[in-house]
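Engineer: A single structure is presented below for examination.
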Amino acid sequence: MVPAKEGSSDSNSTSCTIRWAGTSSRNRPLTCVLEGRRAHGRYDGSYEGIARRIADFVSPGALAHAREQFALSVAYSCAIENGDAHLKNFSVLYDSPEGEVRFSPAYDLVSTTPYLPRDTLALTLGGTKQFPEREELVRFIRLVTAKGERGVLTMLEQVARGVRVAVREAREYGKKYAGARKFSDRLIEVMRRGVGRMGFRVR
């Protein structure tokens, strides 16, 4: 893994380290991981800080989509109570150093409070690591995407639909595997609580 580009960081910013991952016969996409202070500092920083840095690395033509992807990922993490959405879990991809830089698809999404009931967000949102209520999440999405009220509501509804699918799959899994029923019930409870903070209901 050879560093190709490295940015600086301070307490109010998020640096970016780009490393080339490839083989002798075929190069794979470049992945840029937005980090605060290397691996040991991945839980230091804010989601607003990442949003500010997206424009520093994503190509102009892909910027609007990147901001929407990022906002959706954070909103979904809040809905499922994912306390592990840290700085190394947001990346950009490109096929060559001269190619278009895109925000990577969401990855490593996990509901952590079924395992750690007192878990919180990995980074701050609105100055706190507590999972946000609807008002704060709306503020964040508007800040990141510059969308109006209707656009923000559409994004929140998209997140809620995703959670409903996850709840349905968790319920089916619990029915199929009796030994997993207790955990699936707990997971469903967590996701209902999370989407409830956003102003939606999940059966």
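The values are calculated or read from the model by the stated rules, or taken from the named source; none is laboratory data. As the structure is a computational prediction, the values presented were derived from the model and not from experiment. Positions of Cβ are backbone-derived with ideal geometry, glycine not excepted, and every protein chain shown enters the neighbour counts.
Engineer: Can you confirm whether region 13-28 contains a residue that is modelled with pLDDT under 95, polar (S, T, N, Q) and buried (at least 21 other Cβ atoms within 10 Å of the Cβ)?
Structural biologist: Yes, because at least one residue in region 13-28 is modelled with pLDDT under 95, polar (S, T, N, Q) and buried (at least 21 other Cβ atoms within 10 Å of the Cβ).
Engineer: Would you mind stating whether T113 is over 17 Å from E48 (Cβ atoms), in contact with an Asp or Glu (Cβ under 8 Å, 6 or more places away or on another chain), of a type outside the set (G, A, S) and touching a residue at least 40 places away in the same chain (Cβ under 8 Å)?
Structural biologist: Criteria met by T113.
Engineer: Conditions: (1) exposed (fewer than 14 other Cβ atoms within 10 Å of the Cβ); (2) within 22 Å of Y115 (Cα to Cα); (3) of a type in the set (V, I, T). V167 meets all but one. Number of the miss?
Structural biologist: Failing condition for V167: (1).
Engineer: Follow-up question, since we're still on this one. Does K88 count as surrounded by 14 or more Cβ atoms within 10 Å (Cβ to Cβ) and either in contact with a strand residue (DSSP E or B) (Cβ under 6 Å, 6 or more places away or on another chain) or of a type in the set (F, W, Y) (or both)?
Structural biologist: Yes, satisfied.
Engineer: Something else about it: Any chance region 70-80 includes a residue that's under 21 Å from V190 (Cβ atoms), in contact with a Lys or Arg (Cβ under 9 Å, 6 or more places away or on another chain) and touching a residue at least 60 places away in the same chain (Cβ under 8 Å)?
Structural biologist: The answer is yes, given that some residue of region 70-80 is under 21 Å from V190 (Cβ atoms), in contact with a Lys or Arg (Cβ under 9 Å, 6 or more places away or on another chain) and touching a residue at least 60 places away in the same chain (Cβ under 8 Å).
Engineer: Let me ask something else. Looking at the structure I just gave you, is V74 assigned to a strand (DSSP E or B) and touching a helix residue (DSSP H, G or I) at 6+ places or on another chain (Cβ under 9 Å)?
Structural biologist: no
Engineer: Here's something else I'd like to know. Could you tell me which residue of region 96-107 is farthest from the chain's Cα centre (by Cα), considering only residues that are in a loop (DSSP other than H, G, I, E, B) and surrounded by 13 or more Cβ atoms within 10 Å (Cβ to Cβ)?
Structural biologist: E100
Engineer: Specify the residue that is farthest from the chain's Cα centre (by Cα); the eligible residues are those in region 116-139 that are part of a loop (DSSP other than H, G, I, E, B) and closer than 16 Å to I50 by Cβ.
Structural biologist: G127
Engineer: For region 75-95, name all the residues that are within 17 Å of E136 (Cα to Cα) and hydroxyl-bearing (S, T, Y).
Structural biologist: Y76, S77
Engineer: Identify all residues within region 183-202 that are surrounded by 19 or more Cβ atoms within 10 Å (Cβ to Cβ), of a type in the set (G, A, S) and touching a Lys or Arg at 6+ places or on another chain (Cβ under 8 Å); write none if there are none.
Structural biologist: Within region 183-202, just S184 meets the criteria.
Engineer: I've got another one for you. Taking the conditions exactly as written (under 30 Å from R164 (Cα atoms), of a type in the set (A, V, I, L, M) and modelled with pLDDT of 85 or more), does A75 satisfy them or not?
Structural biologist: Considered against the rule, which asks whether it is under 30 Å from R164 (Cα atoms), of a type in the set (A, V, I, L, M) and modelled with pLDDT of 85 or more, A75 comes out as yes.
Engineer: Residues in region 95-110 that are within 18 Å of F70 (Cβ to Cβ) and without any contact (Cβ under 8 Å) to a residue 24 or more places away in the chain: how many?
Structural biologist: The qualifying residues number 1.
Engineer: Can you name the condition, by its number, that R118 falls short on among (1) farther than 23 Å from A66 by Cα; (2) without any contact (Cβ under 8 Å) to a residue 24 or more places away in the chain; (3) surrounded by 13 or more Cβ atoms within 10 Å (Cβ to Cβ); (4) of a type outside the set (A, V, I, L, M)?
Structural biologist: (3)
Engineer: Let me ask another. Which one of these does V92 not meet: (1) under 26 Å from D185 (Cβ atoms); (2) β-branched (V, I, T); (3) not in a helix (DSSP H, G or I)?
Structural biologist: (1)
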